[in-house]
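**Student:** Please read through the structure below; I'll follow up with questions.
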Amino acid sequence: MTELFTILIGTVLVNNFVLVQFLGLCPFMGVSTKLESAIGMSAATTFVLTLASVCSYLVNAYVLEPFNLEFLRTISFILVIATVVSFSKMYIEKTSPVLYRVLGIYIPLITTNCAVLGVALLNVTKSHNFFQSGLYGFGAGVGFSLVLILFAAMRERITVADTPAPFRGAAIGMITAGLMSLAFMGFGGLVAL
Amino acid sequence: MPLWGLAAWSPYKKMEIFLEHIVLIAVLTLTGLAILFGAILGAASVKFKVEGDPLVEQIDTLLPQTQCGQCGYPGCKPYATAIADGKADINRCPPGGHATIQSLADLLGVEVKPLDAEHGVEAEVKTVAYIREDECIGCTKCIQACPVDAILGAAKLMHTVVVSECTGCDLCVEPCPVDCIDMLPVEQPLSEWSWNLPPSTREVLGNMKAGDLIGSDRSDSSSGKGDRAA
């Protein structure tokens, strides 16, 4: 139990995928101009991260390892992620039109989010079991959502603030992201992983 | 099966067999995975097939299909999509008028609103476009403007309107360079004349105020109430 909690805190805060490990920076800068879309993107990414890390664990443990095909990890994980993303898009579209309206356009974008592949590969490196993999993916998703929503909220305020002309737009966004990353480095040492 | 022509040396031969073996397994495994995932996705796309948005379809059938664009959207279907997404209000359709707003409000469970004057006023009577043919110069501008293809004609030949197709949306009047298009009220032939339909029960109930028992009591509700109490 303590170990699972450690994984969760470790991925959400200490080894945050975006601000500490610098994975998934594209949606972090791209979809953070509006709080509404940031929330949609966060929910979709958390969902896919959890599902993809579980599925990649299954493929790794039951297909690649028995055949000694560990060198095929990257390509098969990309296959798994693409499948999971398309499948969940179809499933959500059919079962929940309301949720699809919120998440719809963000789901295909997640295929190319490197945090998803990163989580799948890190699960193997850290030799997590089935539940640990799922939790690790979920924690990564929660951490991604946390910083994306915080960052979007800040950017919404920054756009109306009196920023010096050379810093307007993406430049001040980069600086803010850097400061947030510094702040998150402060969690280092909270959990020893 | 020599791979690199080094088959004569036994250590390489071993390695060669090993390599062929592992490559074969790798190819087979990846192909298997790809076929499996492809089958899953193929089955899912059949099982989870979505035929448009049911709500959009329902709203679209209630709209008058004039495709006039007075609501600010390029046609009735885009307006229906916008209503379903909550981006547009239900009171932006002048051709449909109050009856359309009423039925949309019933479908969506929202309050009935008066027509938004910004998008035009409800026509008193149904009109159709009429082209004064001797003045028409055959510029085809009204043909391009017509959303329902109700105008016939070709360049430098006079145009005319198919009355049964015209929805009376006014869109052809503005582009005409010689102003030869009139909007004429539709004359109802005697064979099609009928009494005005009484308002539907739902409309009557919707217009009722507190204290009214039925719609027809409204005119003398004070005396009627006294009678009922006694």
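**Student:** Filter the stretch A:87-122 down to residues that are small (Gly, Ala, Ser) and within 19 Å of residue B:41 (Cα to Cα) and give me whichever is surrounded by the fewest Cβ atoms within 10 Å (Cβ to Cβ).
**Tutor:** Across the stretch A:87-122, the extreme among qualifying residues is A:96.
**Student:** What do you reckon, is residue A:153 closer than 30 Å to residue A:2 by Cβ, more than 14 Å from chain B (Cβ to nearest Cβ) and part of a helix (DSSP H, G or I)?
**Tutor:** no
**Student:** Given the residues B:37, B:48, which is the only one that is within 12 Å of chain A (Cβ to nearest Cβ), modelled with pLDDT under 85 and surrounded by 14 or more Cβ atoms within 10 Å (Cβ to Cβ)?
**Tutor:** Every option except B:48 fails the conditions.
**Student:** Quick one: in the stretch B:78-107, of everything that is within 14 Å of chain A (Cβ to nearest Cβ) and part of a helix (DSSP H, G or I), which residue is farthest from residue B:127 (Cα to Cα)?
**Tutor:** Of everything passing the filter in the stretch B:78-107, B:84 is farthest from residue B:127 (Cα to Cα).
**Student:** Given the conditions (1) under 19 Å from the mean Cα position of the chain (by Cα); (2) within 11 Å of chain B (Cβ to nearest Cβ); (3) loosely packed, with under 15 Cβ neighbours inside 10 Å, and given that residue A:66 satisfies all but one, which numbered condition is not satisfied?
**Tutor:** (1)
**Student:** Let me ask you something else. Checking residue A:146 against (1) surrounded by fewer than 21 Cβ atoms within 10 Å (Cβ to Cβ); (2) within 16 Å of residue A:61 (Cα to Cα); (3) in contact (Cβ under 8 Å) with a residue 24 or more places away in the chain, which single condition isn't satisfied?
**Tutor:** Exception for residue A:146: condition (2).
**Student:** Mind telling me which of the residues B:189, B:177 ends up being loosely packed, with under 10 Cβ neighbours inside 10 Å and at pLDDT 85 or above?
**Tutor:** The conditions single out B:177.
**Student:** Which of the residues that make up the stretch A:184-193 are surrounded by 14 or more Cβ atoms within 10 Å (Cβ to Cβ) and assigned to a helix (DSSP H, G or I)?
**Tutor:** A:184
Quick grid of which residues meet (1) outside any loop (DSSP other than H, G, I, E, B); (2) more than 15 Å from the chain's Cα centre (by Cα); (3) among the β-branched types (Val, Ile, Thr); (4) under 15 Å from residue A:148 (Cα atoms):
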site	(1), (2), (3), (4)
A:20	no, no, yes, yes
A:29	yes, no, no, yes
A:39	yes, no, yes, yes
A:54	yes, no, yes, no
A:58	yes, yes, no, no
A:87	yes, yes, no, no
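**Student:** Answer yes or no as to whether residue A:80 is in contact with a Cys (Cβ under 8 Å, 6 or more places away or on another chain), modelled with pLDDT of 90 or more and crowded, with 21+ Cβ neighbours inside 10 Å.
**Tutor:** So residue A:80 fits the description; yes.
**Student:** Would you check if there is a residue in the stretch A:160-183 being closer than 19 Å to residue A:45 by Cα and surrounded by fewer than 18 Cβ atoms within 10 Å (Cβ to Cβ)?
**Tutor:** no
Yes or no, residue by residue, for (1) charged (D, E, K, R); (2) within 22 Å of residue B:175 (Cα to Cα); (3) surrounded by 15 or more Cβ atoms within 10 Å (Cβ to Cβ):
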site: B:91; (1), (2), (3): no, no, yes
site: B:96; (1), (2), (3): no, no, yes
site: B:109; (1), (2), (3): no, no, no
site: B:115; (1), (2), (3): no, no, yes
site: B:127; (1), (2), (3): no, yes, yes
site: B:131; (1), (2), (3): no, yes, yes
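**Student:** Checking the structure you have, find out if any residue of the stretch A:129-140 is among the aliphatic types (A, V, I, L, M), away from chain B (no Cβ under 14 Å), part of a helix (DSSP H, G or I) and within 21 Å of the chain's Cα centre (by Cα).
**Tutor:** Scanning the stretch A:129-140 turns up at least one residue that is among the aliphatic types (A, V, I, L, M), away from chain B (no Cβ under 14 Å), part of a helix (DSSP H, G or I) and within 21 Å of the chain's Cα centre (by Cα).
**Student:** Looking at the stretch A:76-104, which of the residues that are in contact (Cβ under 8 Å) with a residue 40 or more places away in the chain and either aliphatic (A, V, I, L, M) or touching a strand residue (DSSP E or B) at 6+ places or on another chain (Cβ under 8 Å) (or both) is nearest to the other protein chains (Cβ to nearest Cβ)?
**Tutor:** A:80
**Student:** Looking at residue B:138, is it more than 19 Å from residue B:70 (Cβ to Cβ) and part of a loop (DSSP other than H, G, I, E, B)?
**Tutor:** Judged against the criteria, residue B:138 is a match.
**Student:** Restricting the first residue to the stretch B:74-86 and requiring it to be of a type in the set (D, E, K, R), which pairs with a second residue that is crowded, with 18+ Cβ neighbours inside 10 Å meet a Cβ separation below 6 Å and a spacing of at least six or different chains?
**Tutor:** B:77/B:60
The values are calculated or read from the model by the stated rules, or taken from the named source; none is laboratory data. Note that the coordinates shown come from a computational prediction; the quantities given were computed from them, not determined experimentally. Because the Cβ atoms are built from the backbone with ideal geometry, glycine has one as well, and the counts that use them run over all protein chains shown.
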